[in-house]
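What follows is a set of notes on a single structure, which appears directly below.
The values are calculated or read from the model by the stated rules, or taken from the named source; none is laboratory data. Being a predicted model, the structure only gives us computed values, none of them experimental. Because the Cβ atoms are built from the backbone with ideal geometry, glycine has one as well, and the counts that use them run over all protein chains shown. Side chains are part of the model used for accessible areas, which takes the heavy atoms of the whole protein and leaves out ligands, DNA and RNA. Shrake-Rupley method; radii C 1.70, N 1.55, O 1.52, S 1.80 Å.
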Amino acid sequence: MQLNREELLKAYQGMCMIREFDDAVHYEFAADAMPGFVHLYVGEEASAMGICMNLNQKDTIASTHRGHGHCIAKGCDVTDMMKELYGKKDGICGGKGGSMHIADLSKGMLGANGIVGGGPPIVLGAALTYKTKKTNNVSVGFFGDGASNQGSISESMNMASVLKLPAIFVCEDNGYAESTAREYAVGGKILDRGKAFGLDSHEVDGDNFFEVYETAKHVIENARNGKGPALLHIKTSKVYGHFEGDAISYRTKEENERIKNDEDPLKIFKMKVTEAGLLELDQLEKIENEAKAKIKNAIDESKKAEFPTSKDLLTDVYIKY
Amino acid sequence: MSLKTYREAINEALLQEMQKDKNVVVIGEDVAGGAGTNGEQDAWGGVLGVTKGLLKHFGRERIIDTPITETAIMGMASGAALTGLRPVAELMFVDFMGVCFDQILNQTAKFRYMFGGKAVTPLTIRTMYGGGLRAASQHSQCLYPMFTHVPGIKVVLPSNPYDAKGLLIQSIRDNDPVIFMEHKNLYDTSGDVPDESYTIPFGEANFTREGKDITFIAMGQTVEICNKVADTLKKEGKTSTVLDLRTLSPLDEDSILEAAEETGKVVIVDESYPRCNIATDISALICQNSFDSLKAGIKMVTPPHTPVPFSPPLEDLYLPSEEKVINTAREIL
Ligand SMILES: Cc1ncc(C[n+]2csc(CCOP(=O)(O)OP(=O)(O)O)c2C)c(N)n1
Ligand SMILES: [Mg+2]
């Protein structure tokens with residue numbers, strides 16, 4: 001393992017923060033305290049952290065409707081994010097975007113997305129900027145197994161390949177698109193689609209932070225060095241349903257149990273680092289408690305925060321009618 | 001006749017037409033749900049449960065769950081319509097038309113005319129539109145003016161359960177492509193709906209109130225807003241005409257002019273973006289034909305020209321409301 005102690009702590013801090021954030025949203029939503037649609041990332045944390053720990057602040061990502069984890073991993077402030085989910089004026093997008101549209105350009109976060117398959121074409125543009133300006137940056141586009149069936153994904157992989165762009169395509173395959181199984185909806189193999197367009201394509205165990213991190217490191221370094229785009233097919237699973245309120249009747253009880261107990265990337269990380277004697281249990285528990293406290297505080301502050309007013313309705317546009 | 005929700009009325013129309021005509025198939029994402037899983041089949045029946053239960057009647061051969069691929073869905077449905085099926089394709093949220101507009105705009109809408117009248121394209125596209133669910137900028141738009149702009153496609157906006165059933169059956173039987181637009185906020189509203197099958201012809205607007213002081217012209221979800229405003233004004237001694245357009249293409253021009261001329265004072269309530277929308281179009285129609293009957297400038301109630309905001313108080317300020325409509329009406333009453 002190439003990661004030093006500080007980096008290992010950072011990885012666990014990030015994954016815990018994502019877990020605590022989305023677990024808290026799960027409870028807040030169930031208590032009717034939160035408006036709109038939210039899609040939770042619990043169970044997929046190793047993907048966001050394993051990828052984003054290889055990125056610097058100038059690198060960019062484009063996310064999906066299931067974006068909280070990507071946002072946190074790329075450095076967005078969790079309190080500002082939480083305020084956004086409550087529709088508050090000093091939320092990360094002024095309350096105008098909500099969960100599906102969190103963005104922070106200063107952190108290289110180009111936006112979550114309500115349109116399935118909407119992000120990867122934007123990543124092409126960021127990658128073109130870096131190639132043109134010779135900045136050695138990369139851009140990463142996340143999408144799901146369901147999104148892999150959109151033409152926009154195939155078009156983006158092809159264009160990245162043709163122009164040899166520093167673009168990384170990350171397919172987070174949690175086995176489902178809404179209530180439809182990947183086995184039904186994906187013809188052939190997702191990995192083969194990347195290969196068909198000439199991308200350096202890898203399948204990755206998304207429950208294992210270290211595997212994500214190492215594979216991402218390899219393809220991101222190559223992209224920085226002008227060796228072109230790559231596809232990572234990350235096999236993962238999510239604990240909650242498609243969106244909050246989904247009864248998840250399309251999954252069996254056994255499957256839900258397996259996801260919770262055997263496919264938890266935090267548990268697996270914890271086991272690996274303690275068994276290898278890299279980190280100590282009490283250190284890890286301290287991180288968990290700090291994340292809990294931070295998120296609790298974010299919720300308290302969000303609830304107290306002000307809503308936007310009529311003055312805010314006609315800002316951020318070029319008209320006054 | 002029995003009390004049914006808008007959702008149930010649509011479901012029943014699909015059920016009855018599919019029983020009547022084996023060429024009718026339903027195509028879309030999670031229209032049944034559960035495909036390929038070890039869990040419940042028909043797990044969703046559409047995101048808001050509108051097509052739930054159809055699977056057990058017709059099986060997966062006729063209730064066709066697709067990958068997430070709107071271009072292929074619309075193209076497949078158009079091609080099937082052109083060659084002998086009568087598909088009902090679902091575009092989950094109308095906002096996703098951005099992904100697949102070519103198949104609607106340049107393909108299916110043009111077949112009949114461009115092929116010299118030889119093509120018949122009996123396609124129905126069902127889609128959800130409108131704000132109020134705090135679904136933010138990419139899941140709350142109306143966008144119907146973008147369809148009315150295109151010749152060759154019919155645009156239907158049912159405002160209540162009775163109309164939803166009759167207009168959907170008409171849409172399915174119609175030999176032209178139809179976009180059938182369901183406002184998300186209406187699904188749980190209920191009203192009397194006949195149990196048997198019936199149709200409502202296209203291009204016939206519906207007078208839901210008749211009066212002599214002011215005319216409201218509305219469509220889809222704004223009809224109920226105008227009905228309530230009319231009832232409030234009545235208590236104050238002013239009577240209103242409310243015209244529910246029901247179909248935006250074809251447009252019942254005669255009823256619009258009649259409604260405008262009856263009172264000479266017109267308020268048009270349209271939830272879509274204010275530039276080049278239905279309100280501006282109807283306003284032009286009235287000015288061209290009934291200018292001399294007008295006693296005041298035509299008024300429009302629409303959102304401002306911005307994307308739909310997420311934050312609940314902002315979205316409430318954004319959408320047309322009873323309060324905005326009544327205040328606007330008072331300006332000319
Ligand atoms: C263009 C478009 N089509 C459909 C949807 C509705 N929708 C939102 S998420 C989703 C499933 C996405 O599945 P996947 O890509 O596997 O991501 P996951 O939800 O599993 O993370 C669908 C169909 C949408 N938002 N945009
Ligand atoms: Mg998925």
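Here are a few things to note about the model shown:
- Across segment A:47-159, the mean sequence separation of Cα contacts (distance under 8 Å, 6 or more residues apart), normalised by length, yields a relative contact order of 29 percent.
- Taking a straight line from the alpha carbon of B:Lys118, these lysines sit under 19 Å away, with near neighbours fewer than eight places off in the same chain left out: B:Lys110, B:Lys154.
- Threshold 50 Å², segment B:105-153 residues less accessible with all protein chains present than alone (1.4 Å probe): B:Gln138
- Greater than 31 Å apart at Cα, pairs in A:Lys10/A:Lys303; B:Lys212/B:Lys324; A:Lys238/B:Lys184; A:Lys133/A:Lys270; A:Lys89/A:Lys296; A:Lys88/A:Lys133: A:Lys133/A:Lys270; A:Lys88/A:Lys133
- Area hidden from solvent between B and A (accessible, protein heavy atoms only, 1.4 Å, total, Å²): 3500 Å²
- Across the options B:Gln138, A:Leu124, A:Gln13, the greatest Cα extent toward the positive end of the charge dipole of the protein assembly as shown (unit charges at beta carbon of Lys, Arg, Asp, Glu) belongs to A:Leu124.
- Calculated accessible area for segment A:51-129 comes out at 26 Å² per residue, all protein chains present (probe 1.4 Å; ligands, DNA, RNA ignored).
- Normalised size of chain A, defined as Cα radius of gyration per 2.2 N^0.38 Å with N residues, equals 0.97.
- Taking the DSSP beta bridges with both ends in segment B:165-280, the antiparallel portion is around 25 percent.
- Between B:Lys22 and A:Asp262, the FRET efficiency from the beta-carbon distance, with R0 = 60 Å, is close to 0.85.
- About the centre of its Cα atoms, chain B shows a dipole size close to 300 debye [charges on the beta carbon of Lys, Arg (+1) and Asp, Glu (-1) only; nearest 20 debye].
- Segment B:2-193: mean projected area of Cα convex hull, nm²: 10.4 nm²
- Cα gyration tensor shape of chain B, rounded if a/c is under 1.5, else prolate or oblate by comparing a/b with b/c: prolate
- FRET efficiency estimate (nearest 0.05) - Cβ-Cβ, A:Lys134 to B:Cys276, R0 45 angstrom: 0.55
- Unpaired by the 4.7 Å Cβ criterion, cysteines found in the protein assembly as shown: A:Cys16, A:Cys52, A:Cys93, A:Cys171, B:Cys100, B:Cys142, B:Cys226, B:Cys276, B:Cys287
- For chain A, hydrophobic long helices are taken as DSSP H runs at least 30 Å long by C-alpha position along their axis with mean Kyte-Doolittle hydropathy of 0.5 or more; none is present.
- Among residues other than A:Asp282 with Cβ under 14 Å from its Cβ, the summed charge is -2 (Lys and Arg +1, Asp and Glu -1).
- Each Lys and Arg adds +1 at its Cβ and each Asp and Glu adds -1 at its Cβ; summed about the Cα centre, the protein assembly as shown shows a dipole of about 1420 debye.
- Residue-count net charge about B:Ile268 - beta-carbon cut-off 10 Å; Lys, Arg +1, Asp, Glu -1: -1
- Residue-averaged beta-carbon neighbours from other chains (10 angstrom radius) around A:171-184: 5
- Interface residues of segment B:297-329, defined as those with an accessible-area decrease of at least 40 Å² between the chain by itself and the complete set of protein chains (probe 1.4 Å), are B:Pro304, B:His305, B:Thr306, B:Phe310, B:Ser311, B:Pro313, B:Leu314, B:Leu317.
- 1.4 Å probe, heavy atoms, protein only - residues of segment A:222-260 losing at least 20 Å² accessible area vs chain alone: A:Phe243, A:Ser249, A:Tyr250, A:Thr252
- Assuming charge only on the beta carbon of Lys and Arg (+1) and of Asp and Glu (-1), the dipole of segment B:2-193 about its Cα centre is about 420 debye to the nearest 20.
- For A:Ser148, net neighbour charge (Lys/Arg +1, Asp/Glu -1) across residues whose Cβ lies under 15 Å away: -4
- Helix B:278-290 vs. chain B, principal-axis angle (Cα, 0 to 90°, nearest 10): 50 degrees
- Carbon and sulfur %, accessible surface of the protein assembly as shown computed with the full protein complex present, 1.4 Å: 51 percent
- Counting only DSSP beta bridges whose two residues both lie in the protein assembly as shown, roughly 20 percent are antiparallel.
- Positive dipole terminus of chain B, leading residue within B:Ile225, B:Ser272, B:Gly28 (C-beta point charges): B:Gly28
- Residue mean of other protein chain beta carbons inside 10 Å, A:151-162: 1
- Surface accessible to a 1.4 Å probe, per residue, for the residues of chain B, Å²: 36 Å²
- Positive-pole candidate from B:Gly211, B:Val94, B:Tyr198, dipole of the protein assembly as shown, charges at beta carbon: B:Val94
- Angle between chain B longest axis and helix B:6-20 axis [Cα atoms, degrees, rounded to 10]: 50 degrees
- Remark: the Cα gyration tensor places the protein assembly as shown in the prolate category, a/c being 1.5 or greater and a/b exceeding b/c.
- Across q = 0.17, 0.23 Å⁻¹, segment A:125-248 modelled as identical point scatterers on its alpha-carbon atoms has Debye log10 I(q)/I(0) values of -0.84, -1.30, in the order of the q list.
- Only beta bridges with both residues in segment B:2-193 are counted; by DSSP, about 15 percent of them are antiparallel.
- Partner aspartates and glutamates for A:Lys320 [C-alpha distance under 13 Å; skip if fewer than 8 residues away on the same chain]: A:Asp312
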